[in-house]
Amino acid sequence: MAGDEAAGAAAGPGAGSAGGYDGKCVFCRIARREEPGTALLSCEVGEGRRPPRCPGGGAPRPPPPWPLPRYEDLVCFRDIKPDAPHHYLVVPVEHMENCKTLKTEHIPIVKRMMEVGKAVLQKNNFSDLDDIRMGFHWPPFCSIAHLHLHVLAPASQLGFLSRLLYRINSYWFITVSVMQMCFAVGFRLQAENAVFF
């Protein structure tokens, strides 16, 4: 909605998509590294890029001996028109229309999207996870028909228009926490059973 959805509109529902890929969808092309102008950020979760210092301010601890979890089914990149100092998009590689089409079996991917969003913030030296906003634009208020999680921080620094675009409990933006509550009580987010907030 707010410019994140890069120049070039995405295809309509099902147009040109086969096997989870829609060649007309800019987010599908970004996820497959077909858009060289978009830098992808690491989707590793766990400790940040720099190991924490030892107690007393000593030398940094060595990295863990095990590999950090990395989600190959997700990509993350900066919004092209950021509405906050930190504004990232977490996108599934497989083409998924939008948050309205999510079902209970999609809960794990939404949780992974949240984990990646928080990890990217921490890797970019933002640690106040109480001052973030994560959510999805509710159709028809998305200009790219590919599921993408907005990760904005600090939420306290959103401008007037951005506070409207990413307003909690609005008809056009659903936070991850509200979506989780819907799943917990058994609401389906599909179009025929639309739940507006």
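Only one of the numbered conditions (1) more than 17 Å from Tyr71 (Cβ to Cβ); (2) outside any loop (DSSP other than H, G, I, E, B); (3) in contact with a helix residue (DSSP H, G or I) (Cβ under 6 Å, 6 or more places away or on another chain) is not met by Met114, and that is (1).
Condition test on Val151, is it touching a residue at least 40 places away in the same chain (Cβ under 8 Å), surrounded by 14 or more Cβ atoms within 10 Å (Cβ to Cβ) and part of a strand (DSSP E or B)? Break it down into steps so the answer makes sense when it comes.
Values: touching a residue at least 40 places away in the same chain (Cβ under 8 Å): yes; surrounded by 14 or more Cβ atoms within 10 Å (Cβ to Cβ): yes; part of a strand (DSSP E or B): yes.
Yes; evaluated as a whole, the condition is true for this residue.
Residue count for region 71-114 under the criterion of being charged (D, E, K, R), surrounded by 20 or more Cβ atoms within 10 Å (Cβ to Cβ) and within 19 Å of Ser162 (Cβ to Cβ): the result is 2.
Residues in region 117-130 that are open to solvent by 30 Å² or more (accessible area, probe 1.4 Å) and either in a helix (DSSP H, G or I) or at negative phi (or both): Lys118, Gln122, Asn124, Ser127, Asp128, Leu129, Asp130.
For residues in region 138-147 being open to solvent by 10 Å² or more (accessible area, probe 1.4 Å) and touching a strand residue (DSSP E or B) at 6+ places or on another chain (Cβ under 9 Å), which is nearest to Val93 (Cα to Cα)? Checking each candidate, the answer is Ala145.
For region 17-62, taking the residues that are surrounded by 14 or more Cβ atoms within 10 Å (Cβ to Cβ), in contact with a strand residue (DSSP E or B) (Cβ under 7 Å, 6 or more places away or on another chain) and part of a loop (DSSP other than H, G, I, E, B), the one that is modelled with the lowest pLDDT is identified as Cys43. Taking every residue in region 75-89 that is at pLDDT 95 or above and pairing it with any residue that is part of a loop (DSSP other than H, G, I, E, B) and among the polar types (S, T, N, Q), at least 6 positions away or on another chain, the pairs with Cβ-Cβ distances below 7 Å are Phe77/Thr38; His86/Asn124.
The residues of region 113-165 that are among the hydrophobic types (A, V, I, L, M, F, W, C) and more than 25 Å from Arg29 (Cα to Cα), listed by number, are Phe126, Leu129, Ile132, Ala153, Ala155, Leu158, Phe160, Leu161, Leu164, Leu165. Contact annotation: no residue pair with Cβ atoms under 9 Å, 6 or more positions apart or on different chains, pairs a residue in region 97-110 that is in contact (Cβ under 8 Å) with a residue 40 or more places away in the chain and among the aromatic types (Phe, Trp, Tyr) with a partner that is buried (at least 18 other Cβ atoms within 10 Å of the Cβ) and not in a loop (DSSP other than H, G, I, E, B).
The values are calculated or read from the model by the stated rules, or taken from the named source; none is laboratory data. Quick caveat, the model's predicted, so the values are computed rather than measured. We place every Cβ from the backbone using ideal geometry, glycine too, and count neighbours over all the protein chains shown. Just so you know, the surface numbers come from the protein's heavy atoms only, side chains and all, with ligands and any DNA or RNA stripped out. Shrake-Rupley method; radii C 1.70, N 1.55, O 1.52, S 1.80 Å.
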